[in-house]
Amino acid sequence: MKQATFSIWRGDAAGGKFQDYETDVEEGMVVLDAVHQIQATQANDLACRWNCKAGKCGSCSAEINGIPRLMCMTRLNALPLEKPVTIEPMKAFPLVRDLVTDVSWNFAVKKRIKKFKPRPPDAPDGSWRMAQDDIDRVQEFRKCIECFLCQDVCHVLRDHHKHEEFIGPRFLVYVAALEMHPLDTEDRLAELKEAHGVGFCNITKCCTTVCPENITITDNAIIPLKERVVDEFYDPLKSLWKFLRPKKY
Amino acid sequence: MADYQTHEHDVLIIGAGGAGLRAAIEASRTGLKVGLVCKSLLGKAHTVMAEGGIAAALANVDDRDNWRVHFADTMRGGQYVNNWRMAEIHAKEAPDRVRELESWGAVFDRTPDGRILQRNFGGHRYPRLAHVGDRTGLELIRTLQDHGIHQGIDVHMEHTVVTLLKSGDRVSGVLAYERERGRFKVFKARSIVLATGGIGRAYKITSNSWEYTGDGHALAYDAGAELIDMEFVQFHPTGMIWPPSVMGILVTEGVRGEGGILTNKDGTRFMFGQIPDNYKAQTADNPEEGWRYCQGDKDARRPPELLTRDHVARCIVKEIKEGRGSPHGGVYLDIAWIKEKLPNAAEHIKRKLPSMYHQFKQLADIDITTEAMEIGPTTHYVMGGIRVDADTQMTTTVPGLFACGECASGINGANRLGGNSLSDIIVFGKRAGEYAAKFAQEHDAGSVDQAEVEEAARRALEPFERGAKEGSSAEGPYKVQYDLQEMMQDLVGIVRREDEMQRALEGLGKLWERAKRVAVHGHREYNPGWHTAIDLKNLLTVSEAVTRSALQRKESRGAHFRDDFEAKDPAFGSVNTVLRRGADGGMDVRLETIPEMPEHLKEVIKEMQ
Ligand SMILES: Cc1cc2nc3c(=O)[nH]c(=O)nc-3n(C[C@H](O)[C@H](O)[C@H](O)COP(=O)(O)OP(=O)(O)OC[C@H]3O[C@@H](n4cnc5c(N)ncnc54)[C@H](O)[C@@H]3O)c2cc1C
Ligand code: SF4
Ligand code: SF4
Ligand code: FES
């Protein structure tokens with residue numbers, strides 16, 4: 001049977017190193033299968049998160065050959081197996097152990113964002129009317145599985161550690177989903193500009209590239225939010241901004 | 001003894017799937033101190049994986065629908081061994097619970113006039129499943145999560161409960177370990193709600209994740225609660241079968257709802273030859289009518305692919321056994337054929353079934369808009385579970401202990417209809433939260449016995465001691481788990497018989513012995529080997545419960561099919577199997593007569609026949 005080598009980061013906050021494991025490779029295997037195989041046969045205590053094994057829960061985020069991806073959706077036949085496949089934890093969050101990081105910051109950030117506040121119901125049974133066309137965009141944002149890969153890749157968090165000042169692409173998508181929800185009546189623009197730090201994003205689009213749900217994070221969520229903030233707070237600049245960034249939708 | 005932290009809550013919810021979150025939201029409305037404990041991160045529970053939809057008689061697409069039809073469908077699907085009161089409450093309250101989700105921000109797909117769209121599903125007479133493409137579970141759990149985090153609930157993520165603590169008869173707290181550091185914690189509470197989900201990991205081929213080790217079932221059983229109807233394990237007809245690493249991953253019934261057909265290697269639509277008599281009147285007898293049904297024609301009857309899951313799964317097994325299967329040992333599920341009917345079929349499929357498209361493309365190199373999928377049955381759901389009072393969800397024998405969602409039992413009877421779980425978890429999640437809060441308001445905090453805590457913690461740490469003592473020669477937990485899954489799959493699977501199940505019981509005895517000797521190495525921090533060792537006890541408990549109940553039910557009904565008793569036996573049509581720990585520590589099984597259905601419900605059933 002074919003074999004491949006996986007170079008997996010082992011260690012905790014105090015330090016660690018890459019360790020090589022060889023394991024059998026079968027047709028159709030994904031990186032998470034290899035990790036499980038190694039865990040079952042060679043390293044019972046290898047720590048990793050997973051749940052659904054089908055790209056639905058966003059638990060198994062890691063960096064595979066340096067790229068932030070879901071382990072359960074990365075096929076081995078899409079990787080060069082002649083050399084070791086490196087698997088390491090996400091870098092934008094503190095390490096717990098091996099492939100597991102402390103992502104609790106994300107949960108704390110979400111709590112700070114003002115919750116959904118609907119207009120009064122349209123019908124006596126407490127329901128509303130919304131056209132499918134008006135919710136397509138919001139549904140795109142709500143596909144998010146909270147894998148936090150976009151947070152991991154964003155340089156504002158990863159390299160500049162602005163966790164205190166910037167909520168990151170995942171939560172800009174979250175705010176966008178609320179702001180563009182046809183029923184929502186809340187106003188989040190002041191926070192967006194200040195506490196959420198939308199201005200830190202300089203539209204590198206790295207987040208969009210890694211999103212396993214193919215959410216067009218930058219173009220569909222962040223840029224429109226930036227425009228709303230500009231409209232609200234920098235009226236005199238509005239025309240210049242529009243000139244620089246023509247509306248695409 | 002290791003020291004441990006103690007947290008105090010009024011109500012403690014174990015599990016953060018749809019059921020647990022809904023219970024926590026309800027309990028927190030009273031202003032009580034509510035704690036929520038879960039094995040994974042928030043939002044990752046099994047509910048997130050649900051695809052097809054949530055069943056509620058909103059009547060948005062077909063105005064003939066109402067709670068009575070939903071009730072009758074649920075009872076027929078469950079072959080009348082359901083708890084009729086739960087089925088009634090469920091059918092009546094599901095529409096309000098769904099509308100409530102919308103008020104908390106859920107964004108369901110819409111009808112042309114802007115209301116919540118509903119789709120067809122197996123066993124539901126009218127289009128009844130509110131949905132969001134094929135990611136309805138994500139919408140549900142995210143909505144509850146995003147609403148719940150503003151309710152003042154204390155969430156303890158990545159904590160696993162290992163023992164329920166009691167004070168006299170009633171529960172008073174739990175012992176849990178924290179995954180990150182491996183430390184023990186005691187959570188004290190006046191009332192406790194179990195919402196731990198299912199048992200799918202007892203089988204080799206399953207759509208369920210590592211979390212589904214039957215913890216809640218085993219915790220409740222160990223604490224003296226009753227389990228009922230454990231023989232009813234649902235095998236979903238359509239799981240992926242190729243490549244091997246994806247075996248078991250679910251292919252939503254929504255594929256068939258959108259017009260997908262099942263064929264064998266000869267290209268025959270075999271389900272047309274397999275329509276049971278009691279479903280003949282409401283099932284299409286030709287492909288044309290079946291297609292019209294999927295297109296929303298109200299005068300058409302549903303195609304036979306949308307018969308109940310137990311039946312479709314067995315028909316698939318039959319095709320394969322009789323040599324008409326596909327190359328990798330399954331049958332074909334084809335949605336690509338609708339291009340004969342729809343001009344923009346590929347786009348339509350991608351929009352209606354985006355995650356299925358994605359899943360096959362990425363994991364199997366199959367484009368479902370042009371090729372058929374290969375599929376086979378997969379272990380999916382457990383109808384059996386903790387016995388509860390229909391109205392309050394309190395367990396029948398342990399005061400202060402409640403259960404809801406998949407780990408509780410009653411609503412589904414012998415077979416669950418697709419979509420009835422997402423509605424079950426919010427209907428009964430709400431009730432469990434409400435009544436657990438009421439219990440907490442009416443009772444003082446019980447006491448927690450220090451010695452009991454220490455003993456439970458010591459037991460949980462035993463695998464490490466053995467690892468240190470016996471060195472690497474002692475068996476690790478994974479092999480035992482694997483052997484158990486293999487055995488349950490072979491001997492207590494879709495088709496069962498006395499001699500095989502007796503062998504399974506013997507096998508379980510040996511596995512129990514092996515489980516007592518497994519050893520683990522390394523640290524307590526985030527150590528999956530240790531976690532697997534602890535979970536073994538739960539998996540073995542539920543496996544034994546399934547096997548003993550299945551032996552007791554000497555007939556075939558719903559998801560429980562016996563080779564040696566192929567027919568339904570009316571004598572078993574009025575009983576539930578009930579399990580409880582006996583005085584000698586063994587598992588006692590008995591059959592208990594189902595209370596008679598009140599007149600007004602009998603009439604509904606008659607009327608809908
Ligand atoms: C692939 C798939 C698709 C499905 N599609 C549909 C569908 O379309 N419609 C439908 O109605 N149903 C569907 N179902 C079934 C449905 O999703 C589940 O039955 C339902 O979500 C169960 O919800 P729950 O809240 O009871 O449990 P879960 O969502 O599974 O939550 C269980 C919780 O308990 C926690 N837990 C477990 N043990 C412990 C412990 N020892 N200590 C602490 N916490 C613990 C877990 O961490 C988790 O948070 C599907 C199931 C699967 C697998
Ligand atoms: S586009 Fe903005 S949010 Fe996305 S990675 Fe770049 S800087 Fe970060
Ligand atoms: S937006 Fe995409 S990458 Fe970011 S958390 Fe959500 S799914 Fe993951
Ligand atoms: S395990 Fe769920 S996304 Fe990978």
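The values are calculated or read from the model by the stated rules, or taken from the named source; none is laboratory data. Note that the coordinates shown come from a computational prediction; the quantities given were computed from them, not determined experimentally. Note: ideal-geometry Cβ built from the backbone for every residue, glycine included; neighbour counts use all protein chains shown. Calculation scope for accessible area: heavy atoms of the full protein, side chains included, ligands and nucleic acids excluded. Shrake-Rupley method; radii C 1.70, N 1.55, O 1.52, S 1.80 Å.
Points to keep in mind about this one:
- Modelled spin labels at A:Glu26 and A:Phe233, positioned 7 Å past Cα toward Cβ, are 5.5 nm from each other.
- Spin-label model, B:Ser473 to B:Leu505: label points 7 Å out along the Cα-to-beta-carbon direction sit 3.5 nm apart.
- Heavy atoms of B:Arg431 accessible to a 1.4 Å probe, total area in Å² rounded to 10: 30 Å²
- Percentage relative contact order, the range A:103-237, counting C-alpha pairs under 8 Å, at least six apart: 29 percent
- Cα convex hull volume per residue for the range B:273-418 (Å³): 181 Å³
- The Rg/Rh ratio of the range B:453-581, with both radii computed over alpha carbons and Rh defined as the Kirkwood radius, is 1.09.
- Kirkwood-Stokes translational diffusion coefficient of the range B:224-339, alpha-carbon pairs, 37 °C, 0.692 mPa s, µm²/s: 215 µm²/s
- Surface accessible to a 1.4 Å probe, per residue, for the residues of the protein assembly as shown, Å²: 35 Å²
- Chains B and A, summed buried accessible surface - 1.4 Å probe, Å², nearest 100: 5000 Å²
- On the basis of the beta-carbon distance and an R0 of 22 Å, A:Ala13 and B:Gln5 show a calculated FRET efficiency of 0.60.
- Residue among B:Gly43, B:Met271, B:Tyr212 farthest towards the positive dipole end of the protein assembly as shown, charges placed on Cβ: B:Gly43
- Whole-percent carbon and sulfur share, accessible surface of the protein assembly as shown, 1.4 Å: 50 percent
- For the range A:38-188, the Cα-based Rg and Dmax, in that order, read 19.1, 65 Å.
- Shape index of the protein assembly as shown: Rg/Rh, with Rg the Cα radius of gyration and Rh the Kirkwood radius from the inverse mean 1/r over Cα pairs, equals 0.94.
- Positions from the range B:515-551 whose accessible area shrinks by 40 Å² or more when the full protein complex is built, not the chain alone, probe 1.4 Å: B:Tyr526, B:Pro528
- B:Gln151-B:Arg517 FRET efficiency (beta carbon distance; Förster radius 56 Å; 0.05 resolution): 0.80
- When the surface is traced with a 1.4 Å probe over the full set of protein chains, A:Phe18 keeps roughly 90 Å² accessible.
- Between the beta carbons of B:Gln441 and B:Ile605, assuming R0 = 45 Å, the FRET efficiency works out to 0.75 to the nearest 0.05.
- Span-rule helices in chain B, defined as complete DSSP H runs reaching 20 Å or more along the axis (Cα) with Kyte mean at least -0.5: B:420-442, B:528-552
- Positions from the range A:84-109 whose accessible area shrinks by 50 Å² or more when the full protein complex is built, not the chain alone, probe 1.4 Å: A:Val96, A:Arg97, A:Phe107
- With 30 Å² as the minimum drop in accessible area between chain alone and full protein complex (1.4 Å probe), the qualifying residues in the range A:146-164 are A:Glu146.
- Chain A, relative contact order in percent, only Cα pairs under 8 angstrom and at least six apart counted: 16 percent
- At q = 0.08, 0.11 Å⁻¹, base-10 log of I(q)/I(0) for chain B (Debye sum, equal scatterers on each alpha carbon): -0.52, -1.02
- Computed over the range B:320-381, relative contact order equals 41 percent, with contacts defined as Cα pairs under 8 Å that lie 6+ residues apart.
- Estimated from helical segments only, the mean residue ellipticity of chain B at 222 nm is -12000 deg cm²/dmol, where each DSSP H run of four or more residues counts as -39500 (n - 2.57).
- With eigenvalues of the C-alpha gyration tensor scaled by 5 and rooted, the range B:515-609, Å: 39, 17, 15
- Subset of A:Lys143/B:Lys44; A:Lys110/B:Lys44; B:Lys298/B:Lys606; A:Lys56/B:Lys44; B:Lys516/B:Lys537; A:Lys53/B:Lys318 violating a 18 Å alpha-carbon distance limit: B:Lys298/B:Lys606; A:Lys53/B:Lys318
- Rounded, prolate or oblate (a/c below 1.5 giving rounded, otherwise prolate when a/b exceeds b/c) for the range A:103-237 by Cα gyration tensor: prolate
- Heavy atoms of B:Arg64: accessible area, 1.4 Å probe, square angstrom to 10: 110 Å²
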